[in-house]
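K.L.:
The structure follows.
The values are calculated or read from the model by the stated rules, or taken from the named source; none is laboratory data. Because the structure is predicted, anything quoted here is derived from the model rather than measured. All Cβ positions, even for glycine, are placed from backbone atoms using ideal geometry, and neighbour counts span all protein chains on display. What goes into the accessible areas is simple: the full protein's heavy atoms, side chains included, and nothing from ligands, DNA or RNA. Shrake-Rupley method; radii C 1.70, N 1.55, O 1.52, S 1.80 Å.
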Amino acid sequence: MLLIHCPYCNETLPEVEFAYASEAHIARPAKPSDVSDEDWAEFLFMRSNVKGPLYERWRHIHGCGRFFNAVRDTVTDKFLTTYKAGDPRPDLSSLTEGLK
Amino acid sequence: MSQYRVSGRGRVDTSRAVTFTFDGKSYRGVQGDTVASALLANGVHLMGRSFKYHRPRGAIAAGSEEPNALIGTRRGAGRFEPNTRATVQEIWDGLETSSQNKFPSLKFDVGAVNDAAYMLFSAGFYYKTFMWPRSFWDKVYEPFIRAAAGLGVSPTEEDPDHYASRNLHCDVLIVGAGPTGLAAARAAAVEGLRVVLVDENAEAGGTLLSEPQARIDGKPAWDWLAAELEALKALGVKVMTRTTAIAYYHQNLIGLVEKLTDHLPKLPADTPRERLWRVRAKQVVLAQGALEKPLVFHGNDRPGVMLAGSAQTFLNRYGVLVGKRPVILTSHDAAWYAAFDLQDAGAQVQAIVDTRADVDALLLNEARARGIAVKLSHTATATSGRLRVSSLRINPVAGGTVGSGQEIRCDAVLMSGGWTPSLHLFSHTKGSLTWDDDRTTFLPNNTPEDCVIAGASRGLWGIEAALADGAEKGRAVVEALGKTGAQVAYAVEADRPGTGVSHKELPTDLSAGKAKAFVDFQNDVTAKDLRLAVREGMRSIEHVKRYTTNGMATDQGKMSNINGLNIASDALGKKQPQVGLTTFRPPYTPTSFGAFAGYHRGEHFEVTRKTDIDSWAEAKNAVFEPVGQWRRARYFPKPGEDMDAAVRRECAATRASVGIFDASTLGKIEVVGPDAVEFMNRMYTNPWTKLAPGRCRYGLLLGDDGYIRDDGVIGRMSEDRFHVTTTTGGAARVLNMMEDYLQTEWPDLNVWLTSTTEQWSTVALNGPDAAKLLAPFVEGVELTEETFPHMSCVECTVAGMPARLFRVSFTGEIGFEVNVPAHLGRKLWETLWDAGQQYGITAYGTETMHVLRAEKGYIIVGQDTDGTVTPYDCGMGWAVGKKKPDFVGMRGLARPDLQAKNRKQLVGLLTEDGSKLEEGAQIVFDPKQAIPMTMVGHVTSSYDIGTTDQPIALALVAGGHEKMGETVYIPMPDRTIAAKITSTVFVDPDNTRLKI
Ligand SMILES: [Zn+2]
């Protein structure tokens, strides 16, 4: 079971308190009606499916209830960082430095 | 004393006799025995039959890796467990055990005909044998496979034991209490760290228990062990025996199963049978040791053929000689020591047969000193004996040629093919492995976890090496936790590290097709099966494994994986790492369902939420059903009524006068704030701006893909406050979705969302008399068509209770939903119930609710929709606010596929012959077309117990809205039913009954 750091509660807590909420930094278009069918399908269905560090969303559903972002390595399942919704996407190279 | 018990040997208490039964026969063992050691002390080797060929089998090992000696254990009613390892189960007075896979008896088994039909059951037989003729499948093959499948027999009674679970946090968890683990524990404990040391055995010590000859720091091994355990306990180390580390999960969470009662003659009161520990450790030391490898040769599965190291354990730990005239067959030094120990304990070792040409002179001298014959450069090609080995055939090997054979009479064959490090938990961590050519084994490499692996589990043999590595890795762990550890050295005398070589199957003079040289004993996989799998095209070890079932038995390949890999690699002409090793997965050893379930059984299996009115329903003998973790009254049968009769009566009464229904479980979300209306506009399909306070509206919630997710009536209580209802099962999902959009897409909106499902009790009144019944209790609003029309809501007082009153209908009748604070629900219910007697008020449950709503064509999300249905598909385009700039799902609805003609659309169906359709039945347009037919939809709801004069159904049918009045067909196993497409509204299409 993963231990996850909630950036709002500033505590590291067991996975059972959290719910996964799919890939992060996929913004819903501001005016969906202006978006082409192709771009809308891309937004709805296509995800990066990376092997390695993935930007993803979690919700501290049985805690503060906030959605937040995380970078997790899909190979090791290790969290590289978590950060508040709305914060900029952290730079990967700074996160992977110093990892074994 | 039993025939094979050696006085003065072992750690068992021979002064305390223990009586138990095996297959109905009584045996005597002593305190400290396992079932296997006690049977062996009585000269019993035959302990079971194999799974596929029903070959007679005995214990091959002495520990949890044992693949053969699986037994059923019984302790009175309900306490039966199959597939217990006889080598692990400790005996106690009165224990009943039985062998498995035998019919009619262990010594004479008719299933052994499978053994003669060997050719039929070779590799891939599951995939090949039963393919032809097709017609044989149902009547011959499947019944045969079902009868033969499965190990042992499942218990038939409910388990009367209880199981506990606990959390534990520590600095260092050490798995394995052999010399490696003990040294690591000391290194960590002396630095003041919180240390937990676990071992699956009944006592700590690991290999030290089997090697009393060793001396550590000048003390005999067992004295040193006792003193060391005392010292560790004094240092605060938590030592847990009979505790198996079954799984290594993320971030150093290790699952332990502690067995508390299986070894006790009397069950202590209030003690769980097993306790599951979830340990979160800062650092983990894996010291699981190594497992001895069998040698692969014809007849290596005969009872009496066992691992040399296990024979040593039976002697030194349990005081049991596994044979009086054993022969040793080995490719590793370790088995020589077994020969010496057994000879010194009174056995007459017939020979030491070693496949190697060169053996350490010290070993040769020791053998000579004892007068044991030695055969170097020899192979073994056969065993004989019916239910127990009686001879071993050995042949000299020179220059790759197998010479003529010679029989050695014996009563046991003790084999050793070297040792395989135990990498199971290391593999659970996704640790990477490297192939070691010298030792012909995989060794641990890197792991992403905060974990070290030490001792024999990384290929270091002998007690001294284990102690040194344990101390060193213990120090590494101490330093990883920010402390400074000391260097410790242990002096060991009479150590037995040893070396050896590794084999695929042993060379033989038998024709390859005849040899039954077993690799996986439990699944009856032979070397020939593995080579056949390669010949038939399997290239990866993962394919070979699944084709042959090698390593797929309950021992998870502890004995068979490496031998299987060596043979498959040889057949493929590739190096082992290119062929690969299959992944070890939790649990390390078979684990009871009870341990996993813990407290979550019976009524605690799942949360059961009850409304305030539930107790009333229970008193009225309601039949309940679970809905979204709620317990809901399904119907209220009167004496002698079945469900159909009760529902028919409840439906009729509701349409005739008034029905009362507990709707408290409906999900409720309070949407509040200055931007509440804007939020609602964006979330739901409907327009909300013009909905006046005091009015409510049926709302549809879509996903951004355009498909229906949920629905419910939503009341605008004031300008900035909405009372949103959701489906019973959808409440949490809807709130999560709303929070998601609010927090991450529209954080600028000033809105608060609160789950209020459990704050309100909701009583629904439906029927022509509903208004008459309710009106006298309501203060603050008059229940007339003018002052409180259909789809109104208001905060008022009902029977003196603060209430939110809704005029809504899910039945097509005049309807009200009265929400009062949850704890007042039953009081309100009883007030209305008493007053309703003059109208013949009838309580109804969810079943009647389903029928009445279907008669009006009201959908149930998740029953009439399936996640691919749009509002237009349901004929609810009227609920979509087309003038809004955006709402969740608006863009999705414009996708070409969702605009396409001929989508499946919700319609009504009336059968021509008046029969009731089956929900889920498939629909076709042309019943005469060739099979497989083109299916054009399915029945979603179907009832024949309502108030209509014929059965009704709702269905999704391709292009259904354009096909009113046309006939479709529903093919069933016995006949094809014709049905006419109709409107979804079967009762009161003009809604006249909604009017007061
Ligand atoms: Zn939080």
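K.L.:
About the Cα centre of the protein assembly as shown, what is the dipole size in debye to 20, counting +1 per Lys and Arg Cβ and -1 per Asp and Glu Cβ, all else neutral?
P.N.:
Dipole magnitude for the protein assembly as shown comes out near 2700 debye.
K.L.:
For the pair B:GLN838 and B:SER615, how long in nm is the line joining their label points, each one 7 Å along Cα→Cβ?
P.N.:
With each label point 7 Å from Cα toward Cβ, the separation is 2.9 nm.
K.L.:
Could you name every residue in the range B:728-773 that has 30 Å² or more less accessible surface in the full protein assembly than in its own chain alone (probe 1.4 Å, ligands and nucleic acids excluded)?
P.N.:
By number: B:ASN736, B:ASP740, B:GLN743, B:THR744, B:GLU745.
K.L.:
Assuming R0 = 56 Å, what is the FRET efficiency of B:SER511 and B:GLU919, from their Cβ-Cβ distance, to the nearest 0.05?
P.N.:
After rounding, the FRET efficiency stands at 0.35.
K.L.:
Please list, in order, the residues from the range B:494-536 whose amide nitrogen is less than 12 Å from a point placed 7 Å along the Cα→Cβ vector of B:ARG386.
P.N.:
none
K.L.:
As an exercise, use a Förster radius of 22 Å and the Cβ-Cβ distance of A:LEU3 and B:TRP752 to find the FRET efficiency, rounded to the nearest 0.05.
P.N.:
0.15
K.L.:
Put +1 on the Cβ of each Lys and Arg and -1 on the Cβ of each Asp and Glu in the protein assembly as shown; which of B:ALA854, B:ILE562, B:ASN766 then has its Cα farthest toward the positive end of the dipole?
P.N.:
Value computed over the given set: B:ILE562.
K.L.:
Something else now. Once each part is reduced to its C-alpha centroid, what is the distance from the range B:312-342 to the range B:455-528 in angstrom?
P.N.:
18
K.L.:
Something else now. Name the trypsin sites (Lys or Arg not before Pro) in the range B:519-562 that are in a loop by DSSP and that have at most 16 other C-beta atoms within 10 Å, would you?
P.N.:
In loop regions of the range B:519-562 (DSSP not H, G, I, E or B), the sparsely surrounded trypsin sites (Lys or Arg not before Pro) are B:ARG539.
K.L.:
Could you calculate the FRET efficiency of B:LYS238 with A:GLU23 from 1/(1 + (r/R0)^6), where r is the beta carbon distance between them and R0 is 30 Å, rounded to 0.05?
P.N.:
About 0.10, to the nearest 0.05.
K.L.:
Suppose we keep just the DSSP beta bridges with both residues in the range B:294-417; what percent of those would be antiparallel, to 5?
P.N.:
Around 45 percent antiparallel, to the nearest 5.
K.L.:
Tell me, what is a quarter of the convex hull surface for the C-alpha atoms of the range B:661-844, in nm² with one decimal?
P.N.:
For the Cα atoms of the range B:661-844, the hull's average projected area reads 10.3 nm².
K.L.:
Right, here's the next one. So how far, in whole Å, is the C-alpha centre of the range B:395-418 from the one of the range B:152-200?
P.N.:
42
K.L.:
Under the rule of at least 5 residues apart or a separate chain, name every residue whose amide H is placed under 5 Å from the amide H of B:ILE977.
P.N.:
So B:ILE977 has HN proximity to B:ILE970, B:MET972.
K.L.:
Which links in A:LYS84/B:LYS668; B:LYS293/B:LYS575; B:LYS293/B:LYS516; B:LYS238/B:LYS293; B:LYS545/B:LYS574; B:LYS483/B:LYS558 stretch past 25 Å when you go from one Cα to the other?
P.N.:
A:LYS84/B:LYS668; B:LYS238/B:LYS293; B:LYS483/B:LYS558
K.L.:
Let me ask you something else. Run through the range A:17-74 and list the trypsin sites (Lys or Arg not before Pro) located in a DSSP loop whose Cβ has at most 14 other Cβ atoms within 10 Å.
P.N.:
Passing both the DSSP loop test and the Cβ count: A:ARG47, A:LYS51.
K.L.:
Go through the range B:944-961 residue by residue and turn each phi into a ³J(HN,Hα) via Karplus (6.51, -1.76, 1.60, θ = phi - 60°); whole Hz please, and just put x for glycine and proline.
P.N.:
Once θ is set to phi - 60°, the couplings for the range B:944-961 become 9, 10, x, 9, 7, 8, 8, x, 10, 8, 10, 8, 9, 10, 4, x, x, 4 Hz.
K.L.:
Within the accessible area of the range B:294-417, what % is carbon and sulfur when the probe is 1.4 Å and the other protein chains stay in place?
P.N.:
Reported share for carbon and sulfur atoms: 47 percent.
K.L.:
Let me ask something additional. If one computes the Cα centroid of the range B:897-950 and of the range A:51-92, what distance in Å separates the two points?
P.N.:
So the separation of the two Cα centres works out to 46 Å.
K.L.:
Oh, and also: For B:ARG393, what is the net charge nearby, where nearby means another residue's Cβ is under 10 Å from its Cβ and Lys, Arg count +1, Asp, Glu -1?
P.N.:
Net charge in that neighbourhood comes out at -2.
K.L.:
More than 39 angstrom separation, counting every C-alpha pair in chain B; what % is that?
P.N.:
59
K.L.:
Each residue of the range B:857-871 in turn: what ³J(HN,Hα) in whole Hz from Karplus with 6.51, -1.76, 1.60 and θ = phi - 60°, glycine and Pro shown as x?
P.N.:
x, 7, 7, 10, 5, x, 10, 8, 10, 9, x, 10, 10, 9, x
K.L.:
Against the globular-protein guess of 2.2 N^0.38 Å, express the Cα radius of gyration of the protein assembly as shown as a ratio, rounded to two decimals.
P.N.:
Cα-based Rg divided by the globular estimate yields 1.16.
K.L.:
Right, next: Under a 5 Å amide H to amide H cut-off, with H placed in plane at 1.01 Å, what residues pair with B:GLY43 once short-range neighbours are removed?
P.N.:
B:TYR4
K.L.:
Please report the equivalent ellipsoid semi-axes of the range B:294-417, computed as sqrt(5 x eigenvalue) of the Cα gyration tensor, largest first, in whole Å.
P.N.:
20, 18, 12
K.L.:
For chain A, what is the convex hull volume of the alpha-carbon atoms per residue, in Å³?
P.N.:
Cα convex hull per residue, to the nearest whole number: 122 Å³.
K.L.:
Moving on to the next point. Dividing the convex hull volume of the alpha carbon atoms of the range B:517-581 by its residue count, what do you get in Å³ per residue?
P.N.:
Considering the Cα atoms of the range B:517-581, their hull volume per residue is 63 Å³.
K.L.:
What 222 nm value per residue comes from the helices of chain B, counting each DSSP H run with n ≥ 4 as -39,500 (n - 2.57) and dividing by all residues, nearest 500 deg cm²/dmol?
P.N.:
-6000 deg cm²/dmol
K.L.:
Which of the GluC sites (Glu not before Pro) across the range B:728-814 are loop residues per DSSP, with 16 or fewer other Cβ within 10 Å?
P.N.:
For GluC sites (Glu not before Pro) across the range B:728-814 that sit outside H, G, I, E and B with at most 16 neighbouring Cβ atoms in 10 Å, the list reads B:GLU782, B:GLU785, B:GLU786.
K.L.:
With θ set to phi - 60° and the Karplus curve 6.51 cos²θ - 1.76 cosθ + 1.60, what are the ³J(HN,Hα) couplings of the range B:271-278 in order, to the nearest whole Hz, using x for Gly and Pro?
P.N.:
Here the 3J(HN,Hα) series is 9, x, 6, 9, 10, 8, 9, 9 Hz.
K.L.:
Under 5 Å between amide hydrogens, which residues at least 5 positions from B:ASN300 or on another chain qualify, with H placed 1.01 Å from N in the peptide plane?
P.N.:
B:PHE518
K.L.:
Something else about it: Within 15 Å, Cβ to Cβ, of B:GLU274, how many net charges do the neighbouring residues add up to if Lys/Arg are +1 and Asp/Glu are -1?
P.N.:
After counting each charged neighbour, the total is +1.
K.L.:
If I take all pairs of Cα atoms in the range B:244-343, what percentage of them are more than 17 Å from each other?
P.N.:
The proportion of pairs with Cα distances above 17 Å equals 68 percent.
K.L.:
Counting only chymotrypsin sites (Phe, Trp or Tyr not before Pro) that are in a DSSP loop and have at most 13 other C-beta atoms within 10 Å, tell me the longest site-free stretch of chain B.
P.N.:
The reported range is B:109-598.
K.L.:
Note the direction-averaged projected area, equal to a quarter of the hull surface, for the Cα convex hull of the range B:867-996, in nm².
P.N.:
The directionally averaged projection comes out at 10.5 nm².
K.L.:
Excluding B:GLY812 itself, calculate the net charge of residues whose Cβ lies under 12 Å from the Cβ of B:GLY812, where each Lys or Arg counts +1 and each Asp or Glu counts -1.
P.N.:
+1
K.L.:
Go through B:ILE613, B:THR591, B:GLY602 and say which Cα lies farthest out towards the positive end of the charge dipole of the range B:577-619; charges sit on Cβ, +1 for Lys and Arg, -1 for Asp and Glu.
P.N.:
Projecting each Cα onto the dipole axis, the largest value belongs to B:THR591.
K.L.:
Tell me, in nm to one decimal, what length is gained between B:LEU376 and B:VAL488 on full extension, where the rule is 0.36 nm per residue of separation less the Cα-Cα distance?
P.N.:
Stretched fully, the B:LEU376-B:VAL488 segment lengthens by 36.3 nm.
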